[in-house]
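Engineer: Provided herewith is a single structure, encoded as structure tokens, for subsequent inquiry.
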Amino acid sequence: MTDDLERATFAGGCFWCIEAAFKELGGVHEVTSGYCGGHVEEPTYREVCSGNTGHAEAVQLAYDPDVVPYSELLRVFFTVHDPTTLNRQGPDVGTQYRSAIYHHDERQRELASEFIADLEESGAYDDEIVTELEPLETFYEAEPAHQDYYEKNPNDRYCSINADPKIRKVRERFAEKAK
């Protein structure tokens, strides 16, 4: 990672789908699937899926803020997942699929907090936003089989049902920022 890149970490359901959506954005140089917010060191996918580690499936981005600012990443994040469903995204249910923003510094925390408050004030959603806003403590990289999953498995039925709509949203609503 060059010195000009920053990091952002988001959890919004299955990391395969969120990873694929963020990879569509210009200025995003790297998207890594992993786990955040739990109490077990070096968790495995199987352990996280059990719901017993406290982790959320998450993605960590390395991005160029001069090309795609953090505020734009927030817009994409809140476009590609439902921030009003507690511990659920589509067919995936459990605390590992919660909506969360793991801020890397005070600036990210403030921007995310203001963004959520603006969404709530605008009435963008019928239900209350349940997205957690937590400081990033540790990001554990997921196993290699989970990295670039959408690209490696283009015919996977789960991805065609769940990731493809997210990718379409990014391409349509953020066309000026798409790769």
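Engineer: Determine which member of the set Asp3, Asp82, Asp66 is at pLDDT below 95 and part of a loop (DSSP other than H, G, I, E, B).
Structural biologist: Result: Asp3 is the single residue among Asp3, Asp82, Asp66 that is at pLDDT below 95 and part of a loop (DSSP other than H, G, I, E, B).
Engineer: Kindly provide the set of residues from the stretch 151-160 that are touching a residue at least 40 places away in the same chain (Cβ under 8 Å) and surrounded by fewer than 16 Cβ atoms within 10 Å (Cβ to Cβ), ordered by number. Break it down into steps so the answer makes sense when it comes.
Structural biologist: First, pick out the residues of the stretch 151-160 that are touching a residue at least 40 places away in the same chain (Cβ under 8 Å): 151, 158-159.
The one that is touching a residue at least 40 places away in the same chain (Cβ under 8 Å) and surrounded by fewer than 16 Cβ atoms within 10 Å (Cβ to Cβ): Glu151.
Engineer: So for the stretch 91-103 (the condition being touching a Ser or Thr at 6+ places or on another chain (Cβ under 8 Å) and aromatic (Phe, Trp, Tyr)), does at least one residue qualify?
Structural biologist: Within the stretch 91-103 (the criterion being touching a Ser or Thr at 6+ places or on another chain (Cβ under 8 Å) and aromatic (Phe, Trp, Tyr)), the answer is yes, since at least one residue qualifies.
Engineer: Can I ask one more? Just need a number here: residues in the stretch 3-18 that are closer than 9 Å to Leu61 by Cα and crowded, with 24+ Cβ neighbours inside 10 Å. Can you show your working first?
Structural biologist: Narrowing the stretch 3-18 to residues closer than 9 Å to Leu61 by Cα: 6-10.
Those still in the list that are crowded, with 24+ Cβ neighbours inside 10 Å too: 8, 10.
Total satisfying the criteria: 2.
Engineer: Moving on. Return the only residue of Asp105, Asp164, Asp148 being in contact (Cβ under 8 Å) with a residue 12 or more places away in the chain and of a type in the set (Asp, Glu).
Structural biologist: Of Asp105, Asp164, Asp148, the one residue that is in contact (Cβ under 8 Å) with a residue 12 or more places away in the chain and of a type in the set (Asp, Glu) is Asp148.
Engineer: Take Val48 and tell me if it is out of contact with any Ser or Thr (no Cβ under 6 Å at 6 or more places or on another chain), buried (at least 19 other Cβ atoms within 10 Å of the Cβ), in contact (Cβ under 8 Å) with a residue 60 or more places away in the chain and part of a helix (DSSP H, G or I). First the steps, then the outcome.
Structural biologist: Details: out of contact with any Ser or Thr (no Cβ under 6 Å at 6 or more places or on another chain): yes; buried (at least 19 other Cβ atoms within 10 Å of the Cβ): yes; in contact (Cβ under 8 Å) with a residue 60 or more places away in the chain: no; part of a helix (DSSP H, G or I): yes.
In short, no.
Engineer: Quick test for you: out of Val59, Val40, pick the one residue that is within 16 Å of Ile167 (Cβ to Cβ), of a type in the set (A, V, I, L, M, F, W, C) and in contact with an Asp or Glu (Cβ under 8 Å, 6 or more places away or on another chain).
Structural biologist: Testing whether each residue is within 16 Å of Ile167 (Cβ to Cβ), of a type in the set (A, V, I, L, M, F, W, C) and in contact with an Asp or Glu (Cβ under 8 Å, 6 or more places away or on another chain) leaves just Val59.
The values are calculated or read from the model by the stated rules, or taken from the named source; none is laboratory data. It should be emphasised that the depicted structure is a prediction, and the values quoted were computed from it without experimental measurement. Ideal geometry is used to build each Cβ from the backbone, glycine not excepted, and the neighbour counts take in all protein chains shown.
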